[in-house]
1. Under 9 Å between Cβ atoms, which residue pairs at least 6 apart in sequence (or on different chains) link something in segment 297-315 that is surrounded by fewer than 16 Cβ atoms within 10 Å (Cβ to Cβ) with a partner that is assigned to a loop (DSSP other than H, G, I, E, B) and at pLDDT below 95?
2. Test THR203 against the criterion of being away from the ligand (no atom under 13 Å from the Cβ), assigned to a strand (DSSP E or B) and not assigned by TED's automatic domain parsing to the domain that holds PRO119, and give yes or no.
3. Given the conditions (1) away from the ligand (no atom under 14 Å from the Cβ); (2) within 14 Å of VAL383 (Cα to Cα), report the number of the one that GLY316 does not fulfil.
4. So, in segment 139-189, how many residues would count as being under 16 Å from LEU111 (Cα atoms), surrounded by fewer than 18 Cβ atoms within 10 Å (Cβ to Cβ) and of a type in the set (D, E, K, R)?
5. Identify, by number, the condition in (1) under 30 Å from GLN25 (Cβ atoms); (2) not in a helix (DSSP H, G or I); (3) not assigned by TED's automatic domain parsing to the domain that holds LEU166 that THR190 doesn't meet.
6. Answer yes or no as to whether VAL258 is of a type in the set (Val, Ile, Thr) and in contact with a Phe, Trp or Tyr (Cβ under 9 Å, 6 or more places away or on another chain).
7. Restricting attention to segment 253-301, and to residues there that are within 9 Å of the ligand (Cβ to nearest atom) and not in a loop (DSSP other than H, G, I, E, B), which single residue is farthest from VAL314 (Cα to Cα)?
8. Name the residues in segment 55-94 that are surrounded by fewer than 14 Cβ atoms within 10 Å (Cβ to Cβ) and either closer than 20 Å to GLY160 by Cα or of a type in the set (Val, Ile, Thr) (or both), would you?
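The values are calculated or read from the model by the stated rules, or taken from the named source; none is laboratory data. Just so it is clear, the structure is predicted and the values come from calculations on it, not from any experiment. Using ideal geometry, Cβ is built from the backbone for each residue, glycine included, and neighbour counts are taken over all protein chains shown.
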Amino acid sequence: STVAVVGLGYIGLPTAAILATNGLQVIGVDVNQRTVDAVNEGRVPFVEPDLGIHVAGAVSNGSLKASTATPAADAFIVAVPTPFKEDHTADLSYIEAAARGIAPVLQGGELIILESTSPPRATHHLADYLIHLRPDLSLDGSGGKPAIMLAHCPERVLPGKVMIELVTNDRIVGGITPEAAEMARDLYATFCQGQILITDAVTAEMAKLVENSYRDVNIAFANELSVISDKLNIDVWELIRLANHHPRVNILQPGPGVGGHCIAVDPWFIVAAAPDEARLIRTAREVNDAKPGWVYNKVIKELATLPINIELSVLGLAFKANIDDLRESPAIEIAARLANGLPGRRINIAEPHVDQLPAQLAEYSNVALTSIEDSVCRSGVVVVLVDHDQVKALPAELLSGKCIIDTRGAVDA
Ligand code: SAJ
């Protein structure tokens, strides 16, 4: 059978490639002609380990093709962005655009799966929108009209381990109807070795949001502890290490804030759906969003009494350790505020995973990109923002005598 995967990004392209290498005929659909051309040449337009081999193999044996037009197919997987708007509600316009592509080619009997992380009831919204575009079809065969099968199957893969986690993770499949859920389960069973758990669409949507909110709330707890510990003048890392010896306590690690495209976004979809009830989830977001500003103020305070020729070292820009992804990074936010707030003081930024400063920092003449060692050696104050392995490996001698603000507990000071 044939599957059309709409949206060839970080989730859609790996899913298309896995389906194609497991015996299905797959057409990847994307609005971006360059993405389509790249895939048709067997190339991957972004970095993800092992994805290239899968795409190249599937394209060369003819099981994967890409197109800007949505073709007729037995199943459709929608994996388009669902960013959040200024008011923290989700922007469903990409899902609606995907639906406008799918609607004309439907005949009845097709399976349509929404994979994008979505606010509660987005799958119902997609279903209703498709029926609005195609009033000759139904969701359950009512009125004698042919049915289309709608389901939500949220992705849960960790960037950097996508090709492994796609196969090994358990999957949640939520149907608008039980028949839709069963059809979706059969499709994922072609490549998923984990358990496939069946539920309704809204519960599946919430499960994904809750997983990331759970992590956000727990990181907020750690971040709040770091601020309290600073006030009480105790070492938060020792505090957490000791408390975690309790058999039922497992506190996460504080940091400069929460970055990435999921954990800092998804909890807002729950808050938007239940604003009066989601108090803890909202507060956790606020605690984590406040952390970069707190770190900034702390650095400014340390530097206030130091002569202007004492340089500042900033270690790490990525949103977490050992990746090159700078988008939505609290480290960038802090570095940019420091660059702006410390005119005349030289700031030596080290980020071993990039070879040029990102746009947010490039305009400042007081900022330079350099190596970790050089950054530390020339500076009197060192701010650690990312616990890259190279940062953790810094020898203690290099750091001795310097003022160190370590937001990750990464260095041995
Ligand atoms: N962080 C801390 N302290 C910690 C753990 C993380 O400050 O103890 C920070 C990180 O530095 C980073 C942010 O939180 O800035 C998020 O990093 P992460 O590793 O927790 O998660 P992501 O964003 O890379 O991926 C998450 C994963 N979700 C969960 O672990 C519940 C992944 O499985 C999801 O598929 C992904 O979000 C997604 O796409 O939703």
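1. As it stands, the answer is ILE308/GLY344, since those pairs meet every condition given.
2. So THR203 fails the test.
3. (1)
4. Counting residues in segment 139-189 that are under 16 Å from LEU111 (Cα atoms), surrounded by fewer than 18 Cβ atoms within 10 Å (Cβ to Cβ) and of a type in the set (D, E, K, R) gives 5.
5. (3)
6. So VAL258 fits the description; yes.
7. ASP266
8. THR68 - this is the single residue of segment 55-94 that is surrounded by fewer than 14 Cβ atoms within 10 Å (Cβ to Cβ) and either closer than 20 Å to GLY160 by Cα or of a type in the set (Val, Ile, Thr) (or both).
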